[in-house]
Amino acid sequence: QVQLVESGGGLVQPGGSLRLSCAASGSIFSINAMGWYRQAPGKQRESVAVISSGGSTNYADSVKGRFTISRDNAKNTVYLQMNSLKPEDTAVYYCNEWIGTLTYWGQGTQVTVSA
């Protein structure tokens, strides 16, 4: 059974940094694309960053230059390094894994950017 567990969220001041981790199990992690999404209160879930099995990355315009997605296939883990955080980055962050035509989600981790 596929399981994704996010960690690393918390409260940070504007301009600060956080690194989110997502540990995957139950799949052949190295061959699957992974992504980070976020959902702010009252808003739809949106894509933040995606990384392919080969390491190609894509970012939402709102986070380009500030966030970096990476993966460690030996640890079955995908990361999201978030720098220069802004209050508008406040949201629940979810990782997901694409396996064929299916998408699996973690439970989410809260990121709050506030002074």
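How much accessible surface area, in Å² rounded to 10, belongs to the heavy atoms of Ile99 with a 1.4 Å probe?
Rounded to the nearest 10, the figure is 50 Å².
Report, to two decimal places, the Cα Rg of the stretch 1-54 normalised by 2.2 N^0.38 Å (N = number of residues).
Expressed relative to 2.2 N^0.38 Å, the Cα Rg reads 1.34.
Residue by residue, what Karplus-based ³J(HN,Hα) values in Hz, rounded to whole numbers, does the stretch 58-69 have, using 6.51, -1.76 and 1.60 with θ = phi - 60° and x for Gly and Pro?
So the Karplus estimates, Gly and Pro as x, are 8, 10, 5, 4, 5, 10, 4, x, 10, 10, 9, 9 Hz.
Given contacts defined as C-alpha pairs under 8 Å and at least six residues apart, what's the relative contact order of the stretch 46-115, whole-number percent?
Numbers: 86 pairs, mean separation 14.4, N = 70.
The normalised contact order for the stretch 46-115 reaches 21 percent.
What residues have an amide H closer than 5 Å to that of Arg71, excluding those fewer than 5 places away on the same chain, when H is modeled at 1.01 Å from N in the peptide plane?
Hits under the 5 Å cutoff: Tyr79.
Ignoring ligands, DNA and RNA, what percent of the accessible area of the chain is carbon or sulfur (1.4 Å)?
Roughly 48 percent of what the probe reaches on the chain is carbon or sulfur.
With each pseudo-label sitting 7 Å past Cα toward Cβ, what's the Thr112-Ser25 distance in nm, one decimal?
2.9 nm
Using Cα pairs closer than 8 Å and at least 6 residues apart in sequence, work out the relative contact order for the stretch 1-84, in percent.
So the answer I get is 31 percent.
Please compute the length gained on full extension between Asn83 and Asp61, using 0.36 nm multiplied by the number of residues separating them and subtracting their Cα-Cα distance.
Full extension of this stretch gives 6.5 nm more.
If we restrict to alpha carbons, what Rg and Dmax does the chain come to, in Å?
Expressed in Å, the Cα Rg and Dmax of the chain come to 13.3, 42.
Give me the extension gain from Ala74 to Gln1: residue separation times 0.36 nm, minus the current Cα-Cα distance, reported in nm with one decimal.
24.4 nm
The values are calculated or read from the model by the stated rules, or taken from the named source; none is laboratory data. Since this is a predicted model, take the numbers as computed values, not measurements. Cβ sites come from the backbone with ideal geometry, for glycine too, and all protein chains shown count toward neighbours. Note: areas computed on protein heavy atoms with side chains; ligands, DNA, RNA excluded. Shrake-Rupley method; radii C 1.70, N 1.55, O 1.52, S 1.80 Å.
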